[in-house]
Amino acid sequence: MALLITILKNPERARHLCQRDWDVLIRQARHANLLGRLYRTLESFGELPFTQARPHHHLLSGSAVADRQHLIIKHEVGLLHQTFSRCNIPFILLKGAAYVVAGLPAARGRVFADIDILVPRAQLANAESALMLTGWVSMALDAYDQRYYRQWMHELPAMQHMFRGTTLDVHHTILPPTSRLKPDPALLIEASIELPGMPGVRILCPADMVLHSATHLFHEGEPDNLLRDLTDLDELLRYFGAQDGFWNKLTTRAKLLQLGEPLRLALRYTTRLLDTPVPAEVLQEAGALEDSGIRQKLLDAIYLRVLQPQHSSTADALSPVARKLLYIRSHWQRMPPHLLACHLGHKALFPHRVASPQRIKDEKAH
Amino acid sequence: MIVSNLTLSELQSRLLGEGLTIASGPFNFRLQSGFSDIVPDLARLYAHHPLITDDAFIDFHVAIEAGRGLRRWLGAQARFVVDGVEPFTPLPQAQALPMIEWGLNWCISAYSQHVLVLHAAAVARGNRALIMPAPPGSGKSTLCAALVNRGWRLLSDELTIIRLDTGEISGLARPVNLKNASINVIRHFAPEAFLTKPVRDTVKGTVALMAPSAQSVRDVGQAAQPYWVVLPHYRAGASTALVPMQTGAAFLQIAENAMNYHVLGIRGFDAVGQLVDRCRHFNFEYSDLEEAIAQFDLFAPEG
């Protein structure tokens, strides 16, 4: 078990760490994008006064980055609200942006790569126009990628604000239309909740928020952020789990939205790795305790590796294999074999570099 | 124990093995490298830096490694790696040494949001510090190198670290990065200083590193209170002129040169505000280095 996971579960053990342990802990947290969250966790358990000065600086630094991002997110959401309310397009904040704006514990110390929103498919073209008029531009991708996103994906190609540099993902559903699971976005929108004081700005209802977080983690998660996403789920389940009727709603919604499998995996790995309190009958009903079968053993072999901080201190001989299998699995789930073959064939023949905000920034810096 | 207590072969075997672990002011770093030709220069540049024990916390685990795969046979490359992350594209192997300095600067600016990080040189007399925030080409590194060869203590040549709690400067005392014409200027100005062989064709032109003085490294932990802020501007043929600057203008200059001003938000604003309040501010134009140093020595009796 990685030291980072041990400390996230038992923050009171931090005071017994020696300098060498802290060294490993900070590096694991940095690689898992969890420095800010670790800081907030230690803070809420009253452990910060016992933290040595040097590691404390790194934690504080991670937390300052998260605070800054939260400020940006709130500002951007205010601007999106203005943009969309002018043309009466309702939009739903997803993932991190929702946690921050709704003030959920899952926002604590969380860092972001982008803002994710969902708009009704029928309004997608209007939403894109409205965004372009306010300075959001589609990020430099080639014609193939543009078409690939628009034809097969559940989101527009990522947009970036031309002056502020913020990145925005506009979804119309939560999984690619070509995936084997087909949750109906109309159900998500119908059950969504308007944020008080911000008419038109909505977040998913608690059960759907958990299901989306699980779906994202087990379908599209990038290895570097999987543990962060798992801690999101842990925070969400701890917070909403205390509300009346939540667990019942969660399993009902999972069935309705065809998201039983991601929920099963979410419950299995949050309870196993982070000791998330989940009622036994819920685990039973979701099939989260199922241990038999080759498929489950393979999933465990993959996820118990990729859900560790992706740092050399936690890697074993099979970690690179697990990451490769995860990549194959996520593509396999995303599209039927003939599409996958065409897509991979194109990428092999024309290996265009994908534009990412980080890469664009790096190139500007040189 | 300090780096110069090691023989060159001991130093090299550390670099090849578990790494050379050095304290540079508030930061500990571990350096690994398979390049043997950087060893002698590295030994001179970091001669006086303390070695840290194996059980200590390390802020930055860095390595300079050879290019990967086939690439290593087509023009040898150097890659800067910090704990498995590679922030830069590889450079020609001849640039390995300056790349270490640029890499460490990257680590500090990317991972240190617990302090205000200024793109500025800083030197001190006693416990009073002089900060020179300025864009490249202003002659700040040249001035900084000249001052530390005339009795000022080097705090930092590139990044000035301001603590948010006390407002004091945490010195780094790392090598000074000299560029282009300033390399020969400093060679003539201070023949006794150790400069590495110039490395040509870098993104910053020709670069040489100057070793910090033993005293600067030894006293790096001593408190340094910001006292003067000077915005240098080198102009060929200009006569030396030190002109007081309004605090408003000084605030903007400092904020503009603060690498993490925007990340720190209100704490950044407060930190810059306090720095402005406690310092005296000047614009400084010069072309003659001796005259420039004489001008700064007028500060010294105050210091």
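The values are calculated or read from the model by the stated rules, or taken from the named source; none is laboratory data. It should be emphasised that the depicted structure is a prediction, and the values quoted were computed from it without experimental measurement. Cβ coordinates were reconstructed from backbone atoms using ideal geometry, including for glycine residues, and neighbour counts include every protein chain displayed. Note: accessible area is taken over every heavy atom of the protein model, side chains too, but ligands, DNA and RNA are not part of it. Shrake-Rupley method; radii C 1.70, N 1.55, O 1.52, S 1.80 Å.
Looking across A:His311, A:His331, one residue alone is within 14 Å of chain B (Cβ to nearest Cβ) and open to solvent by less than 30 Å² (accessible area, probe 1.4 Å). It is A:His311.
Of the candidates A:Leu250, A:Leu187, A:Leu204, the single residue that is within 16 Å of A:Phe91 (Cα to Cα), over 18 Å from the mean Cα position of the chain (by Cα) and modelled with pLDDT of 95 or more is A:Leu187.
When you scan region A:283-290, do you find a residue that is among the charged types (D, E, K, R), at pLDDT 90 or above and open to solvent by 20 Å² or more (accessible area, probe 1.4 Å), even just one? Scanning region A:283-290, I find at least one residue that is among the charged types (D, E, K, R), at pLDDT 90 or above and open to solvent by 20 Å² or more (accessible area, probe 1.4 Å), so the answer is yes.
Kindly indicate whether any position in region A:41-60 is in contact with a Pro (Cβ under 7 Å, 6 or more places away or on another chain), part of a helix (DSSP H, G or I) and touching a residue at least 24 places away in the same chain (Cβ under 8 Å). Reasoning before the result, please.
So in region A:41-60, the residues in contact with a Pro (Cβ under 7 Å, 6 or more places away or on another chain) come out as A:41-42, A:45, A:47.
Now restrict to residues that are part of a helix (DSSP H, G or I): A:41-42.
Remaining after also requiring touching a residue at least 24 places away in the same chain (Cβ under 8 Å): A:41-42.
Yes: one or more hits.
If you go through region B:110-130 and keep only what is more than 27 Å from B:Val82 (Cβ to Cβ) and either touching a residue at least 40 places away in the same chain (Cβ under 8 Å) or surrounded by fewer than 24 Cβ atoms within 10 Å (Cβ to Cβ) (or both), you end up with B:Ala124, B:Arg125, B:Gly126, B:Asn127, B:Arg128, B:Ala129, B:Leu130. Find the residue count for region A:134-149, including only residues that are closer than 21 Å to A:Arg86 by Cα and among the acidic types (Asp, Glu). Number of matching residues: 0. For region B:91-109, a residue qualifies if it is within 12 Å of chain A (Cβ to nearest Cβ) and either of a type in the set (D, E, K, R) or open to solvent by 50 Å² or more (accessible area, probe 1.4 Å) (or both), and exactly one does: B:Trp106.
Only a single item in (1) buried (at least 21 other Cβ atoms within 10 Å of the Cβ); (2) in contact with a Leu (Cβ under 9 Å, 6 or more places away or on another chain); (3) closer than 29 Å to A:His58 by Cα is not met by B:Arg14, and it is number (1).
Within region B:40-55, does at least one residue satisfy the condition of being open to solvent by less than 20 Å² (accessible area, probe 1.4 Å), in contact (Cβ under 8 Å) with a residue 12 or more places away in the chain and closer than 21 Å to A:Pro55 by Cβ? Looking for residues that are open to solvent by less than 20 Å² (accessible area, probe 1.4 Å), in contact (Cβ under 8 Å) with a residue 12 or more places away in the chain and closer than 21 Å to A:Pro55 by Cβ, one finds none in region B:40-55, hence no. Does region A:48-76 hold any residues that are more than 7 Å from every other protein chain (Cβ to nearest Cβ) and in contact with a Ser or Thr (Cβ under 8 Å, 6 or more places away or on another chain), and which are they? A:Leu59, A:Ile72, A:Glu76 - these are the residues of region A:48-76 that are more than 7 Å from every other protein chain (Cβ to nearest Cβ) and in contact with a Ser or Thr (Cβ under 8 Å, 6 or more places away or on another chain). One residue stands out among those in region A:122-139 that are in contact (Cβ under 8 Å) with a residue 12 or more places away in the chain and of a type in the set (S, T, N, Q): the one that is most open to solvent (accessible area, probe 1.4 Å), which is A:Asn126. Close Cβ contacts (under 8 Å, 6 or more residues apart or on different chains) running from residues in region A:4-18 that are in contact (Cβ under 8 Å) with a residue 60 or more places away in the chain to residues that are open to solvent by 30 Å² or more (accessible area, probe 1.4 Å) comprise A:Lys9/A:Asp275. The numbered conditions (1) farther than 24 Å from B:Ser216 by Cβ; (2) outside any helix (DSSP H, G or I); (3) under 22 Å from the mean Cα position of the chain (by Cα) are all true for B:Asp54 except (3).
Could you check region A:45-77 and list, in sequence order, the residues that are among the small types (Gly, Ala, Ser) and at pLDDT 95 or above?
We begin by selecting, within region A:45-77, every residue among the small types (Gly, Ala, Ser); these are A:46, A:53, A:61-64, A:66.
Listed by number, the residues that qualify are A:Gly46, A:Ser61, A:Gly62, A:Ser63, A:Ala64, A:Ala66.
Kindly provide the set of residues from region A:17-47 that are under 22 Å from the mean Cα position of the chain (by Cα), more than 14 Å from chain B (Cβ to nearest Cβ) and open to solvent by 40 Å² or more (accessible area, probe 1.4 Å), ordered by number. Across region A:17-47, the qualifying residue is only A:Arg40.
Residue-by-condition table, conditions (1) more than 14 Å from chain A (Cβ to nearest Cβ); (2) over 20 Å from the mean Cα position of the chain (by Cα):
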{"position": "B:Lys197", "(1), (2)": "yes, no"}
{"position": "B:Gly205", "(1), (2)": "yes, no"}
{"position": "B:Gln222", "(1), (2)": "yes, no"}
{"position": "B:Gln225", "(1), (2)": "yes, no"}
{"position": "B:Thr240", "(1), (2)": "yes, yes"}
{"position": "B:Gln246", "(1), (2)": "yes, yes"}
{"position": "B:Asn260", "(1), (2)": "no, no"}
{"position": "B:Asn283", "(1), (2)": "yes, yes"}
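I need the full set of residues from region A:75-121 which are assigned to a loop (DSSP other than H, G, I, E, B) and open to solvent by 40 Å² or more (accessible area, probe 1.4 Å), in order please. Break it down into steps so the answer makes sense when it comes.
Taking region A:75-121 and keeping what is assigned to a loop (DSSP other than H, G, I, E, B), we get A:87-90, A:102-104, A:108-114, A:119-120.
Matches in region A:75-121: A:Cys87, A:Asn88, A:Pro90, A:Gly103, A:Arg108, A:Ala113, A:Asp114.
Among the criteria (1) within 23 Å of A:His75 (Cα to Cα); (2) touching a helix residue (DSSP H, G or I) at 6+ places or on another chain (Cβ under 9 Å), the one A:Trp152 does not fulfil is (1). Just to be sure, is B:Phe251 of a type in the set (Phe, Trp, Tyr), open to solvent by 20 Å² or more (accessible area, probe 1.4 Å) and under 25 Å from B:His49 (Cα atoms)? So B:Phe251 fails the test. Inside region B:228-250, residues that are part of a strand (DSSP E or B) and touching a residue at least 40 places away in the same chain (Cβ under 8 Å) make up a count of 10.
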